[in-house]
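The values are calculated or read from the model by the stated rules, or taken from the named source; none is laboratory data. It should be emphasised that the depicted structure is a prediction, and the values quoted were computed from it without experimental measurement. With ideal geometry, Cβ positions are generated from the backbone for all residues, glycine too; neighbour counts draw on all protein chains shown. In case anyone asks, the SASA skips ligands and DNA or RNA and just uses the protein heavy atoms, side chains included. Shrake-Rupley method; radii C 1.70, N 1.55, O 1.52, S 1.80 Å.
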Amino acid sequence: MLSSPWARFYSNSCCLCCHVRTGTIILGIWYLIINSVVLLILLSALTDPDQYHLTSAELGGDFEFMDDANMCIATAISLLMILICAMATYGAYKQHAAWIIPFFCYQIFDFALNTLVAISVLVYPSTIQDYLRQLPNNFPYKEEIMSVNPTCLVVIILLFISIILAFKGYLISCVWNCYRYINGRNNSDVLVYITTNDTAGGLRRREFWDFSHSGSLSTPPGDKV
């Protein structure tokens, strides 16, 4: 029997003990909490801009940390993420596979962005030093980080990004396995329903056949000849 090469990566469990549905629900709730906290911070910053306003002198440059336009965009993104996470949590709980797809697409997009960051660090390692120079002078441990050997700094950053990518890839596989599990379960329920109806219809036709050959022809209630 031929099987897909991706079938070997399919599993109903994640984190060694949880079911993929449980893992997806926990992941959706975790992302929901994080984005809700971010949204509250953004809303409080919009209502009281002076509390989160950083001057150019504090940033060491001629730009502002967050203006009103960026705050509004970040708020809209947080609202969208809350909606996507809520859909994934509801879809995993109620076993609606289609509701999980937006969250899965977000995971793929986030993984692609982190991969591009890793590639840019690998291809242009000098950008790390340029980024460090642009940080504010009062940024914690700025001088200590800049004193590290550039090659070692690139290796450390690439190792850190690789660990993050591996973890994100594992979470993507958990959500994908949850989608496959729910989709397969729903298809199995439909198949059982159709098979049951076909079996019941076959029994009715068999009874009608036996009855028609043993005596007078008649149509059973609910059937057509």
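Just give me the residues in region 93-107 being β-branched (Val, Ile, Thr) and buried (at least 17 other Cβ atoms within 10 Å of the Cβ), in sequence order.
ILE100 - this is the single residue of region 93-107 that is β-branched (Val, Ile, Thr) and buried (at least 17 other Cβ atoms within 10 Å of the Cβ).
Is it fair to say ILE84 is within 14 Å of the chain's Cα centre (by Cα), open to solvent by 60 Å² or more (accessible area, probe 1.4 Å) and at pLDDT 95 or above?
Answer is no for this residue.
Any residue in region 166-189 that's at negative phi: show its pairings with residues that are surrounded by 17 or more Cβ atoms within 10 Å (Cβ to Cβ) and of a type in the set (Lys, Arg) at Cβ separation under 8 Å, as long as the two are six or more apart or on different chains.
That search, which allows pairs on different chains as well, returns CYS178/ARG21; TYR181/ARG21; ILE182/ARG21.
Condition check ((1) open to solvent by 60 Å² or more (accessible area, probe 1.4 Å); (2) touching an Asp or Glu at 6+ places or on another chain (Cβ under 7 Å); (3) outside any helix (DSSP H, G or I); (4) closer than 30 Å to ILE33 by Cα) across all residues:
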{"site": "GLY91", "(1), (2), (3), (4)": "no, no, no, yes"}
{"site": "PHE109", "(1), (2), (3), (4)": "yes, no, no, yes"}
{"site": "GLN129", "(1), (2), (3), (4)": "no, no, no, no"}
{"site": "GLU143", "(1), (2), (3), (4)": "yes, no, no, no"}
{"site": "ILE157", "(1), (2), (3), (4)": "no, no, no, yes"}
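What is the number of the single condition among (1) assigned to a helix (DSSP H, G or I); (2) at pLDDT below 70; (3) open to solvent by 70 Å² or more (accessible area, probe 1.4 Å) that ALA7 does not meet?
The single condition ALA7 does not satisfy is (3).
Among what's in region 160-187 and is charged (D, E, K, R) and touching a Phe, Trp or Tyr at 6+ places or on another chain (Cβ under 7 Å), pick the residue that is least open to solvent (accessible area, probe 1.4 Å).
Selected residue: LYS168.
Of all residues in region 115-127, count the ones that are surrounded by fewer than 16 Cβ atoms within 10 Å (Cβ to Cβ) and in contact with a Leu (Cβ under 9 Å, 6 or more places away or on another chain).
So the count comes out to 2.
If I filter region 32-52 for residues that are touching a strand residue (DSSP E or B) at 6+ places or on another chain (Cβ under 8 Å), open to solvent by 60 Å² or more (accessible area, probe 1.4 Å) and modelled with pLDDT of 85 or more, do I get at least one hit?
No, region 32-52 contains no residue that is touching a strand residue (DSSP E or B) at 6+ places or on another chain (Cβ under 8 Å), open to solvent by 60 Å² or more (accessible area, probe 1.4 Å) and modelled with pLDDT of 85 or more.
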